[in-house]
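Quick notes on the structure that follows.
The values are calculated or read from the model by the stated rules, or taken from the named source; none is laboratory data. Being a predicted model, the structure only gives us computed values, none of them experimental. Ideal geometry is used to build each Cβ from the backbone, glycine not excepted, and the neighbour counts take in all protein chains shown. To get the accessible areas, we keep the full protein, side chains included, count just its heavy atoms, and leave off ligands, DNA and RNA. Shrake-Rupley method; radii C 1.70, N 1.55, O 1.52, S 1.80 Å.
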Amino acid sequence: RYKRRVPDPSYMKVDTPNLPHDFDSTNLHLHGLDVEVHMFDPLNTHNPDAPPVIIEPTQCYCYKFNVPDHHPHGMYWYHPHLHGSTAIQMWGGMIGVLYVDGPLEDELASQGITKTHEFVIWDPAFQAVNETTHNLQVDEFLLGQTTLSKIHPFLVNGQLKPNFDIGVNEVLHFRALCATVENENTFIIYPEGQEHTHWSESAIPFYIIGSDGVTYSQPKKKLIIVMSGGQREEILMQFDTPGKYVISQQGIQGMQFFDMTGHPHDQIIATITVHDESSQEEDVDVVNIEDVRLTPGYKEEESIQPEDIMGSETIVFSMGSNFDQVPFPQYYVNGKPFDPQQINFHAQPGEAREYILINANHNAHPFHIHVNRFQVQQMGSELSTTKYPVLDAVLDHDPTVWRDTFMVPPNGRTRIWVQYKNYTGKTVLHCHFLAHEDTGMMATLFIGQKDWVFRLQEHIQWIVGSIVGVAIGVTFMVLVYYTRASSSNNNYSAVAMNELKSKVVD
């Protein structure tokens, strides 16, 4: 909205490439998969000037991916990724889950775990209205970034507070995807009615057996996790008492965006009903989740070592608040908005690199890098964990775990080690709060050797100088030619010939 800081709206500065646009065009991103780079056209391009893939209405575009045999088996997902329209299309529901098949479910089944459900968290943006036909409708794009009119009912599998049924001591397996567009989400299990207490007092423990498509060798016990947009978790849970339990999203408001409450508000996102089925099934072996063993997606010896690091760079996520510029607010990587014609970062295939991710504002920013994974080595924040208790869970990290998306905490930093694979070409890294990405918080990354491309703007001075130099040289040669020609013609004039004759006679 125009804030009347300049004499007239026509004087406002417009960052056109980072203004939301092309809502009816789209493309495809396979999030987390080890496949060819596919943001720019053509796929796997090595042209640094390559434009993004844009699929217009009624058009067809063919994607072809080669999934390697050694690819980690697990949960991945896909969504549109056309800069300027990613957020609004995902708010509209353009998301999907895909799996790389492997031994996980068979190994779980062999250990007595057979009840599996998808658990896809999504945050469509609504606003409350007072209409005769309805009181809820889709919010205007980005309105909630500067006001509190948005409400965020988190949906699970497209439903409001779905229920899952399980028997006492039966193990429930959730394949969880946080497909939120611009919100973090906590996952805490409480007995119904106790969700207002601190999780350390009454939460039910659960176990993580895999993250971002990479399975662990054994479960990791948790009372709370904080998921940000793009992250996936394989979760196991078990209840020894029948009754009603709730999965709570709480504590994010205030911490996530400049101490604003209600963004997003605390809420129950799903329920679990635990039934006493002991009378129906006797002599059923009770699974001890801590004894579960699985084939890991990566071997321990594949972890990145300090001596593997070939270089270190800093990536700063920051926000601008120039009222005389649109989009508002402005989002930057290393102080610059996204420019697809500039290559911001370089890497070589097969090398490991360190990135120090800095979040300059009290604003959450999940970091995502395309077609490559990383390990989180260190995290910190200037915010108070006393004021924001959930921040402790945000800062919780395991350096042995492989991720493709991870939070850079508000007023904080995250140090990661990236292992680049053999995929080369032009791709991106960005904030996975996609309204931030659409309005500038994205940067280009080139892996490998670039194709040579002639850019007129880079050589214009040399070209002009060469033309001027040639023109001067030609002019000089013409002058010399005519001077010599004039001198030669004078030797054969009438006066000159008479003088010559008189000399001969003498």
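Inside the stretch 418-453, can you point out the residues that are over 30 Å from Trp122 (Cα atoms) and among the small types (Gly, Ala, Ser)?
Gly425, Gly448 - these are the residues of the stretch 418-453 that are over 30 Å from Trp122 (Cα atoms) and among the small types (Gly, Ala, Ser).
Output the number of residues of the stretch 187-214 satisfying the condition of being touching a Pro at 6+ places or on another chain (Cβ under 6 Å) and in a strand (DSSP E or B). Please lay out each step first, then the result.
First pass over the stretch 187-214, keeping only residues touching a Pro at 6+ places or on another chain (Cβ under 6 Å): 207, 209, 213-214.
Narrowing further to those that are in a strand (DSSP E or B): 207, 209, 214.
Here the count works out to 3.
Whether any residue in the stretch 96-113 is more than 30 Å from Ile209 (Cα to Cα), part of a loop (DSSP other than H, G, I, E, B) and open to solvent by 30 Å² or more (accessible area, probe 1.4 Å) is what I want to check. Steps first, please.
Kept after step one, since they are more than 30 Å from Ile209 (Cα to Cα), are these residues of the stretch 96-113: none.
No; the residues of the stretch 96-113 include none that is more than 30 Å from Ile209 (Cα to Cα), part of a loop (DSSP other than H, G, I, E, B) and open to solvent by 30 Å² or more (accessible area, probe 1.4 Å).
Mind counting the residues in the stretch 323-334 that are open to solvent by 40 Å² or more (accessible area, probe 1.4 Å) and either outside any loop (DSSP other than H, G, I, E, B) or more than 18 Å from His362 (Cβ to Cβ) (or both)? Lay out the reasoning, then the answer.
At the first step, the residues of the stretch 323-334 found to be open to solvent by 40 Å² or more (accessible area, probe 1.4 Å) are 323-324, 326, 328, 332, 334.
Restricting the remaining residues to those that are either outside any loop (DSSP other than H, G, I, E, B) or more than 18 Å from His362 (Cβ to Cβ) (or both) gives 323-324, 326, 332, 334.
Total satisfying the criteria: 5.
Identify, please: which residue in the stretch 59-90 is open to solvent by 50 Å² or more (accessible area, probe 1.4 Å) and outside any loop (DSSP other than H, G, I, E, B) and is, among those, nearest to Val138 (Cα to Cα)?
Across the stretch 59-90, the extreme among qualifying residues is Ile88.
Residue check, Ala179 against (1) of a type in the set (Gly, Ala, Ser); (2) in contact (Cβ under 8 Å) with a residue 12 or more places away in the chain; (3) open to solvent by 10 Å² or more (accessible area, probe 1.4 Å), all met but one. Which one?
Status for Ala179: all satisfied but (3).
Using beta carbons and a limit of 8 Å, which pairs, at least six apart or on different chains, have the first residue in the stretch 432-444 and within 22 Å of Asn185 (Cβ to Cβ) and without any contact (Cβ under 8 Å) to a residue 12 or more places away in the chain and the second one open to solvent by 10 Å² or more (accessible area, probe 1.4 Å) and not in a strand (DSSP E or B)?
none
Could you please tell me which pairs satisfy a Cβ distance under 6 Å, a separation of 6+ or placement on different chains, a first residue in the stretch 25-36 that is touching a residue at least 12 places away in the same chain (Cβ under 8 Å) and hydroxyl-bearing (Ser, Thr, Tyr), and a second residue that is part of a loop (DSSP other than H, G, I, E, B) and surrounded by fewer than 20 Cβ atoms within 10 Å (Cβ to Cβ)?
So the pair list comes out as Ser25/Ile54; Ser25/Glu56.
Hey, Asp34 hits all of (1) more than 19 Å from the chain's Cα centre (by Cα); (2) more than 23 Å from Asp438 (Cα to Cα); (3) open to solvent by less than 80 Å² (accessible area, probe 1.4 Å) but one; which does it fall short on?
Result: Asp34 fails condition (1) only.
Considering only the stretch 282-300, I want to know if a residue exists there that is within 30 Å of Pro205 (Cβ to Cβ), in a helix (DSSP H, G or I) and at pLDDT below 95. Give the derivation first.
Initially, the stretch 282-300 is screened for residues within 30 Å of Pro205 (Cβ to Cβ), giving 282-300.
Next, from what is left, pick out any that are in a helix (DSSP H, G or I): 289-291, 300.
Filter again for at pLDDT below 95, leaving 300.
Yes, the stretch 282-300 has at least one match.
Given the criteria hydrophobic (A, V, I, L, M, F, W, C), open to solvent by 10 Å² or more (accessible area, probe 1.4 Å) and in a strand (DSSP E or B), does Trp417 qualify? If you could, list the steps in order and put the result at the bottom.
On the way: hydrophobic (A, V, I, L, M, F, W, C): yes; open to solvent by 10 Å² or more (accessible area, probe 1.4 Å): yes; in a strand (DSSP E or B): yes.
When the stated conditions are applied, Trp417 passes them.
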